[in-house]
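What follows is a short report on a single structure.
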Amino acid sequence: MPMLRTVAVVAGAALLTRRALRRRVRTSPLWPLPALDPPVSGRPRARALRLLLTAHETIADGVVRLRLEGDGLPRWTPGAHLDLVLPSGLVRQYSLCGDPGDTSSYTIAARLVEDGRGGSREVHEQLTEGMELEVRGPRNRFPLAEAQSYVFVAGGIGITPVLPMLRALPAHAEWRLLYCGRTRASMPFLAELGELAGDRLTVVAEDEEGRPDLDALFADVTAGTAVYCCGPGGLMDAVAERMPEGAALHLERFAPGAPADGDAAFEVELRRTGRTVAVPAGTSVLAAVRRELPDLAYSCEQGFCGTCQQRVLAGEVEHRDELLTDAERADSMLICVSRARGGRLVLDL
Amino acid sequence: MESERVPLKARNVSFSWEDTPLHWVPGDPFTTHTINVLHLLLPAGERWFVHVYKQALPLIEDERLRADVIGFIGQEAVHSQSHDEVLPHLREQGLDPTPYTAQVDWFFEKLLGDRTLPPGRARRWWLLERVALIAAIEHYTAFLGDWVLGAAELDRRGADPTMLDLLRWHGAEEVEHRSVAFDLFQHLDGSYRRRARTWATAFTALVFLWQRGVRFFMENDPTLTAPKYSVKDFHDRGRQGVLPSTGAMLRSIPRYLGRGYHPSHEFSTAQAVAYLEASPAALAAERAEPSAREAA
């Protein structure tokens with residue numbers, strides 16, 4: 001029966017081919033298909049809210065608390081911040097420190113930075129009750145994760161994102177808080193923290209006790225502990241040094257838009273082109289990449305038109321635009337304004 | 001004849017819509033909705049411009065034109081975002097535009113999107129065809145922009161100032177960059193047959209989409225029980241000056257099809273620039289700009 005044999009051989013060959021191809025397809029770099037270009041339409045900008053400033057009160061030396069009221073405000077989770085658009089057009093980020101369930105108002109606190117870039121001075125001196133302010137957000141880049149136990153380290157105004165976290169922790173959670181500042185009078189929310197934390201709170205004022213003893217705090221931090229730190233850069237570096245293995249460190253910088261040490265230089269690898277370009281301090285990624293790829297599309301160079309959005313394959317991005325949503329920020333950036341947080345970025349270019 | 005060159009740059013405007021009523025031309029839903037169709041077509045349409053022009057950018061060999069196209073892209077991207085922000089406001093007032101915008105999205109993303117074409121001649125042909133379509137559409141956006149800048153009757157009827165500012169800021173930028181699309185088409189191809197053919201396609205599509213949008217809004221407006229409207233309404237509003245007049249629209253056709261057409265011979269840059277210097281939204285964007293630079 002040569003006919004039957006032919007059929008059997010053909011069927012067997014077909015089965016083998018299918019198996020062989022399936023494995024190849026799975027290991028092929030072309031599979032899954034690369035992400036398609038983003039759709040041409042359908043991405044509204046982050047919606048701005050116009051809120052009424054109903055309270056502007058001094059709660060500690062150099063710290064004011066603002067209450068912004070509106071209707072049906074989006075809910076937020078502890079650690080979230082708002083972008084506040086000041087009357088001069090400056091945009092500054094402030095952590096929310098009120099009640100996350102309150103949909104009729106947001107509360108933020110701001111410290112006056114004497115030699116800052118003008119945002120905090122405007123908050124302190126130009127804002128008055130009854131003004132209408134534009135805010136964007138809330139967004140959360142400092143979310144509270146599940147952990148066996150928690151250690152919070154707050155420096156000065158860095159207490160603001162931590163406060164709602166403490167209120168949100170379940171009653172049986174195991175946690176401690178180290179709260180440091182220059183003087184007791186300059187540290188907001190001390191009374192409230194005293195009630196909330198009891199003996200889990202350690203307050204260190206520099207003028208009384210000097211620098212906080214971080215080694216003592218970290219003596220019994222073990223794997224499985226989540227450490228949350230928000231404060232000046234020096235404090236956060238000191239905490240990062242003392243982290244034991246297996247514990248998770250979460251940091252929140254005061255000014256996501258502007259690190260104190262200015263723009264750092266870093267490298268950008270263009271994966272598809274196969275080249276790496278250096279981005280010096282003071283030069284945008286766009287400008288550096290355009291030397292290699294002069295036809296790259298861009299336009300406003302200020303982070304609002306969205307033309308230069310590129311996919312990020314690896315590396316941590318410091319987003320400085322006002323356009324992208326959190327979901328988009330997870331895998332792309334506007335290369336005209338945003339920079340690398342580490343020393344290296346890999347772009348799909 | 002005007003030929004002065006204005007360097008093009010995107011302005012980071014923002015509008016707040018809380019105080020804008022559903023019928024923002026008081027007591028005239030037909031005019032309101034005829035103009036509202038812009039909010040349905042422009043977000044997808046202008047994003048499509050940006051999408052096509054990003055592909056055309058590497059083909060440009062003239063540095064001045066490239067700078068213009070880069071400015072054009074940013075302006076169109078911000079236009080698209082700004083009109084998109086009106087849609088949630090319409091939805092809040094009970095007029096959900098999603099069924100219609102879904103069709104417009106299909107139109108620009110699928111029908112006019114990137115086809116699976118072999119690189120080379122076929123792909124270039126489709127790109128040039130779309131660049132020519134954009135040039136034809138930009139003739140009409142500049143026409144509408146120039147019209148709305150001079151439409152004093154809308155102010156007299158008490159139309160919503162925020163909406164007028166959006167339309168006039170947008171119109172002024174359209175007039176400001178009216179030559180870019182045509183220059184790009186001339187630079188890349190410039191064939192008269194393609195210009196005529198794509199004009200016919202664009203004009204038909206615009207009329208089709210526009211009347212469909214007006215019908216969609218009128219039929220679904222929750223405050224209108226038995227809406228009545230016809231082509232005559234459009235003609236009458238044109239004579240009153242709250243919509244472009246039929247005559248002016250018909251006269252604009254032979255202009256674009258004339259062999260010696262160039263957008264810089266049409267409309268007034270001075271009127272547009274004057275408006276941009278006084279527009280509340282553009283001024284706010286101007287003021288905010290140094291801070292954006294500082295934050296960057």
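Out of the residues in region A:223-239 that are hydrophobic (A, V, I, L, M, F, W, C) and assigned to a helix (DSSP H, G or I), state the one that is farthest from the chain's Cα centre (by Cα).
Residues of region A:223-239 that are hydrophobic (A, V, I, L, M, F, W, C), as a first pass: A:223, A:226-227, A:229-230, A:235-236, A:238-239.
Next, only the ones that are assigned to a helix (DSSP H, G or I) stay: A:235-236, A:238-239.
On the way: A:235: 18, A:236: 15, A:238: 20, A:239: 18 Å.
Going through the qualifying residues, I end up with A:238.
Within region B:185-231, the residues that satisfy the criterion of being among the charged types (D, E, K, R) and over 16 Å from residue B:33 (Cβ atoms) are B:189, B:193, B:194, B:195, B:197.
Is it the case that residue A:288 is more than 20 Å from residue B:67 (Cβ to Cβ) and either small (Gly, Ala, Ser) or at pLDDT below 85 (or both)? Against the criterion (more than 20 Å from residue B:67 (Cβ to Cβ) and either small (Gly, Ala, Ser) or at pLDDT below 85 (or both)), residue A:288 does not qualify.
Across region A:148-183, the qualifying residues are those that are in contact with a helix residue (DSSP H, G or I) (Cβ under 8 Å, 6 or more places away or on another chain) and among the charged types (D, E, K, R), and the one among them that is farthest from residue A:250 (Cα to Cα) is A:182. Looking only at region A:201-222, decide whether some residue is among the aromatic types (Phe, Trp, Tyr), modelled with pLDDT under 85 and out of contact with any Cys (no Cβ under 6 Å at 6 or more places or on another chain). Yes, there is a match, as at least one residue in region A:201-222 is among the aromatic types (Phe, Trp, Tyr), modelled with pLDDT under 85 and out of contact with any Cys (no Cβ under 6 Å at 6 or more places or on another chain). The set of residues in region A:45-94 being in a strand (DSSP E or B), within 14 Å of chain B (Cβ to nearest Cβ) and not charged (D, E, K, R) consists of A:48, A:49, A:51, A:52, A:84, A:85, A:91, A:93. Among strands (runs of 3 or more DSSP E) entirely within region A:256-349, having at least 1 residues that are more than 18 Å from the chain's Cα centre (by Cα) and without any contact (Cβ under 8 Å) to a residue 12 or more places away in the chain singles out A:275-279. Which one is modelled with the lowest pLDDT among residues in region A:127-164 that are in contact with an Asp or Glu (Cβ under 9 Å, 6 or more places away or on another chain) and of a type in the set (S, T, N, Q)? By that ranking, first place goes to A:140. Entry remark, region A:99-129: residues being under 25 Å from residue A:181 (Cβ atoms) and assigned to a loop (DSSP other than H, G, I, E, B) number 10 in total. Quick one: is residue B:9 under 19 Å from the mean Cα position of the chain (by Cα), without any contact (Cβ under 8 Å) to a residue 24 or more places away in the chain and surrounded by fewer than 22 Cβ atoms within 10 Å (Cβ to Cβ)? Here the answer is no, as residue B:9 does not meet what is asked.
The values are calculated or read from the model by the stated rules, or taken from the named source; none is laboratory data. Not measured: the values here are computed from a predicted model. Reconstructed Cβ throughout: ideal geometry from the backbone, glycine too, with neighbour counts over all protein chains shown.
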